[in-house]
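Since the structure comes first, as C-alpha cells, the remarks are kept for the end.
Just so it is clear, none of the values below were taken in a lab; they were calculated from the coordinates. All of these numbers come straight from a predicted model, not from anything done at the bench. All Cβ positions, even for glycine, are placed from backbone atoms using ideal geometry, and neighbour counts span all protein chains on display.
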Amino acid sequence: MNNPELLKKFTFGSDITQEQLDFYNKYGFIHFKNFIPKEQVAAIVQSLNEAEQYIITNNISEIYGIPLKIGVDDKGNKIVNRMPFSSVYAKAVADLYKDPRFELIKKFIPDYPSRLGLQEKDGVVSNHFFNSANSAYKQLGWHTDVLRDFVMGQKMLPMINIGVYLTHSGPENGGLRILPGTHRQSAFSMMFSKIQVVDRNEDPNEILVEAEPGDLCLHEGRMWHRVGISPNFGEKSRRRVMYVPLICGKVEIRNEHTKTPFYHKLGKRFKFK
Ligand SMILES: O=C(O)CCC(=O)C(=O)O
Ligand SMILES: [Fe+2]
C-alpha cells in the first residue's frame, strides 16, 4: 500500500462534508473515529451477550428465517459467531440505530432514497469472529456484499454496509481487508474477478482497516473485501463488529414468518464459512 491517503480517518460532525463525500466516492469506504463512546460500546456488548445466552438456552437456530452461525469457543462454551437481526433480541443494538446521525449517512447515496435495512436482508448482523477449533467463524473470504442481490436476480443499486466496531480490529485478530476503488469496477469484475467467499488469499493491493471500539466504517456494497484469520487463538483472536445495510429499491420486510432464502441452503452444501 503506497497511498498514505488511504489511512485517513475522519470525525463525524453535525453534517457530512464534501471532503468526506469525495473520499468515499473515490475509494468506496470511509472510516470515522469514535462514532460512539466506550460506555455505549460496553452496553451494546452486554446486550449482545445476553441475547446470545437467550438464543443458546432456547436453542434458537435462526432469526427471521436467517440461520445463525453457532460455534464453540476455546473453553467449550457455545458462541453465536454470526447473529443476523440482532436488534430483535438486543435492545441496546436497536437503540443505537435511532441515533439521528444515521440519517446523515444517507447523503452518501445522493441519487436514490435509501433506508436502514433493520428489518430487511439480514438486518443488523453482529459478527463475532473467534479462532478456536470449533468456531463457526474464523475468517471470511473475498466477496462483494451485492452478491446476494445478484444471486436473487435483483437490480443492483447502490448499497452501503455500515460497520460499528465493538472491539479493536487489526492484524492480531484478522481485520477487515479491502480493495479500495473496486466499487467502480464493471458488473463482471464485481462478481467474478475473484471466486466469491472461497478465495482467502492476500491481495498485494489490499489494505487493512485498523479500528477501535466505537469507530464507524462505511463501505460500498460493490467493493471487494474480506476478513483475515487471526494468527492467534482464543481471547486474542476475538473480533466483534456490527453491520447494517443502507439500501435502496424494493422493500422486502422479513419477520418471524418469512422463509429461509435458498442460497443459505446452497452455502451449507458447499460449506462456505
Ligand atoms: O466483519 C467485517 O468487518 C466484515 C464482514 C463482512 O464483510 C460481511 O459480513 O459481509
Ligand atoms: Fe461483506
Anything over 25 Å Cα to Cα? Flag those among Lys9/Lys75; Lys33/Lys106; Lys33/Lys107, in the order listed.
Lys9/Lys75
Cross-link candidates for Lys155: which lysines have Cα within less than 19 Å, leaving aside residues fewer than 8 places away along the same chain?
Lys121, Lys250
Can you give the relative contact order of segment 62-126 as a percent, counting alpha carbon pairs under 8 Å and 6+ residues apart?
34 percent
How large is the Rg to Rh ratio of segment 102-164 when both quantities use alpha carbon positions and Rh follows Kirkwood?
1.03
Virtual spin-label span in nm between Glu50 and Glu62, 7 Å along Cα→Cβ
2.8 nm
Please state the relative contact order of segment 112-184 as a whole percent: Cα pairs under 8 Å, 6+ residues apart?
13 percent
Nearest-20 debye value, the chain charge dipole, Cβ charges on Lys, Arg, Asp, Glu
800 debye
Quote the relative contact order of the chain in percent (integer), defining contacts as alpha-carbon pairs under 8 Å separated by 6+ residues.
28 percent
Rounded to the nearest 500, what is the chain's calculated 222 nm mean residue ellipticity when only DSSP H runs of at least 4 contribute -39500 (n - 2.57) each, over all residues?
-6000 deg cm²/dmol
Can you give the FRET efficiency to the nearest 0.05 for Lys33 and Lys98, using r as the Cβ-Cβ distance and R₀ = 22 Å?
0.50
Check every DSSP H run in the chain and write down those whose alpha carbon atoms cover 24 angstrom or more along the long axis and whose mean Kyte-Doolittle hydropathy is -1.0 or greater.
38-57
Label model pair Val198, Asn134: point-to-point distance (7 angstrom along the Cα→beta-carbon line) in nm is 2.9 nm
Going toward the positive end of the dipole of segment 157-273, with +1 on Lys and Arg Cβ and -1 on Asp and Glu Cβ, which of Val227, His168, Leu208 do you reach last?
Val227
When the label point is put 7 Å from the Cα of Asn3 along its Cα-to-beta-carbon vector, which residues of segment 193-210 have a backbone N closer than 12 Å?
205-207
Say each of Glu19 and His168 gets a label point 7 Å from the Cα, pointing the same way as Cα to Cβ; how far apart are those two points in nm?
2.7 nm
Rg(Cα)/(2.2 N^0.38 Å) for segment 1-97, N = residue count
1.44
In nm², what is the average projected area of the convex hull enclosing the Cα atoms of the chain?
13.8 nm²
Would you pull out the residues with amide H under 5 Å of Val72's amide H, same chain only if 5 or more places away, H placed 1.01 Å from N?
Ile79, Asn134, Ser135, Ala136
How large is ³J(HN,Hα), in whole Hz, for each residue of segment 170-178 in order, when computed from phi with the Karplus curve 6.51 cos²θ - 1.76 cosθ + 1.60 and θ = phi - 60°, using x for Gly and Pro?
x, x, 5, 10, x, x, 7, 10, 10
